[in-house]
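Student: The structure under discussion is supplied below as structure tokens; questions concerning it will follow.
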Amino acid sequence: MIEVQSLHKSYGSINAVNGVNFDVNRGEILGFLGPNGAGKSTTMKMITGFVRPTSGIVLVDGLNVQDHPVAVKERIGYMPENGPVYGEMTVEEFLIFIAEIRGYDDPTIREDKIDHACDLCRLNKVRHQSIETLSKGFKQRVGFAQAILHDPPVLILDEPTDGLDPNQKKEVRKIIRTMAKDKAIILSTHILEEVHALCSRVIIIAKGEVIADETPESLLKRNPKYNALKLEVKDIDLEVVRETLKELPEVSSAEINEGAVEIYPKNKQSIESLVLKVCRDKEWNISHFEKTPVGLDEVFWELTK
Ligand code: ADP
């Protein structure tokens with residue numbers, strides 16, 4: 001649904017986006033990650049047609065954004081950072097305004113579209129409240145409602161959960177998941193756990209260039225601790241345990257750290273059952289055994305530092 005080809009954007013001497021290529025299919029939620037100033041928002045603005053590329057092409061549903069600006073906007077729902085909403089309007093007034101802009105002149109159809117968006121974004125109980133009196137979470141949902149009102153096949157969401165409390169984040173993620181099945185979604189975020197919770201694919205962008213494009217799982221595998229284990233045993237010298245495990249052909253290294261033996265597998269393979277078997281055979285008394293928790297943070301840091 002979205003094809004980005006050799007996209008460049010310069011502001012004077014700043015290369016905000018420097019040769020970006022990727023595509024997004026229906027059913028995919030693409031996490032768009034990168035440090036501040038990496039070029040995420042500029043890329044999103046070029047996809048939505050708000051910023052003209054210096055060079056390169058963006059196709060949405062096969063249509064060139066530059067050549068078919070209106071047709072492309074019909075296919076896109078865009079929720080910019082800090083979603084601009086008119087505070088003095090009520091939720092319903094704002095959505096009527098958006099529906100009119102979207103060209104729904106027939107009041108019955110307009111009402112249907114607004115009802116559907118309010119249901120999906122759970123806005124019914126604040127429908128007649130002015131937007132400025134809403135909490136940040138509800139304001140965010142209003143931003144969502146305007147983005148999905150015309151049921152577009154493409155959604156571009158710029159930091160949709162920024163500044164929300166954990167409950168609100170959960171709510172907004174639930175809405176995104178509900179909509180994901182038949183849409184192509186790009187979602188920029190700073191929150192790495194969000195990528196894990198939501199995205200089927202991740203692109204990391206730094207200094208205007210794509211430096212990773214893969215699944216969250218394969219990014220996690222880049223973490224040196226992926227599939228590493230932590231073992232605590234009673235009544236036996238930890239050095240003996242370390243030496244024994246280190247000798248296994250599947251183990252790349254074993255280290256003693258804070259009363260536990262940390263075991264790192266070769267090729268990030270799973271060695272849980274193997275280590276447990278050795279423990280049983282040697283009749284070691286296990287007091288604690290766990291997989292070392294791994295996150296995307298270390299990988300993100302390593303790639304973008
Ligand atoms: P991100 O969304 O990843 O934080 P941006 O796309 O906002 O990054 O910005 C990328 C770079 O382009 C930054 O160096 C930023 O200062 C610069 N930039 C963005 N918009 C403009 C603009 N309108 N004029 C000049 N420089 C800009």
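The values are calculated or read from the model by the stated rules, or taken from the named source; none is laboratory data. Note that the coordinates shown come from a computational prediction; the quantities given were computed from them, not determined experimentally. Here the Cβ positions follow ideal geometry from the backbone for every residue, glycine too, while neighbour counts run over all protein chains shown. Keep in mind that these areas ignore ligands, DNA and RNA; they rest on the heavy atoms of the full protein, side chains included. Shrake-Rupley method; radii C 1.70, N 1.55, O 1.52, S 1.80 Å.
Student: Restricting to the chain, what percent of DSSP beta bridges are antiparallel, rounded to 5?
Tutor: Working: 36 of 53 bridges.
Here the share of antiparallel DSSP bridges comes out near 70 percent.
Student: Which aspartates and glutamates, if any, have their Cα less than 16 Å from the Cα of LYS9, not counting same-chain residues under 8 positions apart?
Tutor: Output for LYS9: GLU209.
Student: Using a simple spin-label model with points 7 Å from Cα along the Cα→Cβ vector, what separation in nm is obtained for ASP182 and GLU93?
Tutor: A separation of 3.4 nm, rounded to one decimal place.
Student: Can you list the lysines whose alpha carbon sits under 23 Å from that of LYS230, skipping same-chain ones fewer than 8 residues off?
Tutor: Filter leaves LYS221, LYS246, LYS266, LYS268, LYS277, LYS282, LYS291.
Student: Quote to one decimal, in nm, the extra length available between ASP112 and ASN285 on full extension: 0.36 nm per residue of separation minus the C-alpha distance between them.
Tutor: On the way: separation 173, 0.36 × 173 = 62.28 nm, distance 6.50 nm.
Answer, rounded to one decimal: 55.8 nm.
Student: Residue by residue, what Karplus-based ³J(HN,Hα) values in Hz, rounded to whole numbers, does region 118-132 have, using 6.51, -1.76 and 1.60 with θ = phi - 60° and x for Gly and Pro?
Tutor: Residue by residue, region 118-132 yields 5, 4, 4, 9, 6, 10, 4, 6, 10, 4, 9, 9, 6, 4, 5 Hz.
Student: To the nearest 20 debye, what is the magnitude of the charge dipole of region 2-220 about its Cα centre, counting +1 on the Cβ of each Lys and Arg and -1 on the Cβ of each Asp and Glu?
Tutor: On the way: 25 positive and 31 negative charges, 68 e Å.
My answer is approximately 320 debye.
Student: How much of LYS268 can a 1.4 Å solvent probe reach, expressed as accessible area in Å² and rounded to 10?
Tutor: Solvent-accessible area, nearest 10 Å²: 70 Å².
Student: For LYS183, give me every one of the lysines with a C-alpha distance below 26 angstrom, ignoring sequence neighbours fewer than eight places off in its own chain.
Tutor: LYS40, LYS45, LYS73, LYS113, LYS136, LYS139, LYS169, LYS170, LYS174
Student: Using R₀ = 41 Å, calculate the FRET efficiency as 1/(1 + (r/R₀)^6) where r is the Cβ-Cβ separation of LEU238 and GLU193; round to 0.05.
Tutor: Working: r = 33 Å, r/R0 = 0.80.
In this case the efficiency is close to 0.80.
Student: Could I ask something else about it? Using just the helices of the chain, give the 222 nm mean residue ellipticity in deg cm²/dmol: DSSP H runs with n ≥ 4 each add -39,500 (n - 2.57), and the total is spread over all residues, rounded to 500. Kindly include the intermediate steps, with their values, before the conclusion.
Tutor: Working: 11 runs with 109 residues, N = 305.
Per the formula, -10500 deg cm²/dmol.
Student: Got a sec? What order do VAL278, VAL195 fall in by accessible area at 1.4 Å, biggest, i.e. largest, first? Display every interim value, and only then the final one.
Tutor: Working: VAL278 20, VAL195 0 Å².
Result, largest first: VAL278, VAL195.
Student: Picking from GLU209, GLU258, GLU132, which is most flexible by a Gaussian network model of the chain using Cα springs under 10 Å?
Tutor: Between GLU209, GLU258, GLU132, it is GLU258 that shows the largest mean-square fluctuation.
Student: Heavy-atom accessible area per residue, the chain, 1.4 Å probe: how many Å²?
Tutor: Numbers: 14950 Å² over 305 residues.
Heavy-atom SASA per residue in the chain reads 49 Å².
Student: Further, regarding this structure: Can you pull the one-decimal nm distance between simple spin-label points at GLU255 and ASP23, each 7 Å off the Cα toward Cβ?
Tutor: 4.3 nm
Student: Given the Cα-Cα distance of ILE211 and GLN269 and 0.36 nm per residue of separation, how much length would full extension add, in nm? Before the final figure, lay out each step's value.
Tutor: On the way: separation 58, 0.36 × 58 = 20.88 nm, distance 2.45 nm.
Length difference between fully extended and current span is 18.4 nm.
Student: Carbon and sulfur: what percent of the chain's accessible surface (1.4 Å probe)? Don't jump to the answer; show the numbers that get you there.
Tutor: Numbers: 7170 of 14950 Å².
Carbon and sulfur together cover 48 percent of it.
Student: Please arrange ASP105, ASP165, ASP235 by accessible surface area, largest first, computed with a 1.4 Å probe and ligands excluded. Intermediate values should be presented prior to the final figure.
Tutor: On the way: ASP105 120, ASP165 70, ASP235 145 Å².
In descending accessible area the options line up as ASP235, ASP105, ASP165.
Student: With springs only between Cα atoms under 10 Å, which of ASN223, ASN82, ASN257 fluctuates most in a Gaussian network model of the chain?
Tutor: ASN257
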